[in-house]
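Everything on this sheet refers to the single structure shown next.
Nothing in this text is a laboratory measurement; each read-out follows from the coordinates by a stated rule. Just so it is clear, the structure is predicted and the values come from calculations on it, not from any experiment. Glycine gets a Cβ as well: all are built from the backbone with ideal geometry, and neighbour counts include every protein chain shown.
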Amino acid sequence: MHDRQIAAFLAMLAKGQDNALLRFGLGQALLADGKAAEAVPHLRAAVAHDGNYSAAWKLLGKALAERGDKEGAREAYSAGIAVAEARGDIQALKEMRVFLRRLD
């Protein structure tokens, strides 16, 4: 479904482009295609590039939860909640709190 988008992102990576937004986009496309396990390393790279990227933390938590790693998802959501609180990203904060509660 998102094959073209995924291929385009992978081509950018192959050319040496690498940043938080690229990794987030690739992770998001992979996750949308039901490839949570493949999305995780790219979403981890996104937050490694920019630890204040609350949307990347949220998506990382979702990908980890979808692949069955509840503890990893808890850690990602908790880190994302701290980032969202510090940045005043109210919507992401609310969503991650809900997702965290649903894990339990």
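How large is ³J(HN,Hα) for each residue in the range 42-51, as worked out from phi by the Karplus curve 6.51 cos²θ - 1.76 cosθ + 1.60 (θ = phi - 60°), to whole Hz, x for Gly and Pro?
Those phi angles translate into 6, 6, 5, 5, 4, 6, 5, 5, 9, x Hz.
Per residue of the range 83-100, what does 6.51 cos²θ - 1.76 cosθ + 1.60 with θ = phi - 60° give for ³J(HN,Hα)? Whole Hz please, x for Gly and Pro, Karplus curve as stated.
Using θ = phi - 60°, the values come out as 5, 4, 4, 5, 8, x, 8, 4, 4, 4, 4, 4, 4, 5, 4, 5, 4, 5 Hz.
Students often get this wrong, so try it: which of (1) 1.03; (2) 1.54; (3) 1.13 is Cα Rg over 2.2 N^0.38 Å as calculated from the structure shown?
(1)
Sorted by packing (mean other beta-carbon atoms within 10 Å per residue), highest first, where do 54-65, 89-100, 26-37 land? Walk me through the numbers before you get to the answer.
Values: 54-65: 24.9, 89-100: 16.8, 26-37: 19.6.
In descending order of packing, they fall as 54-65, 26-37, 89-100.
Express in nm, to one decimal, how much length is gained between residue 90 and residue 4 on full extension, taking 0.36 nm for each residue of separation and deducting their alpha carbon distance.
27.7 nm
Taking K and R as +1 and D and E as -1, what net charge do the other residues with C-beta under 13 Å from the C-beta of residue 38 add up to?
Taking every Cβ under 13 Å from that of residue 38, the sum is +1.
Got the relative contact order for the chain handy, in percent, Cα pairs under 8 Å and 6 or more residues apart? Spell out each step's value before the answer.
On the way: 129 pairs, mean separation 20.3, N = 104.
Dividing the mean separation by the residue count of the chain yields 19 percent.
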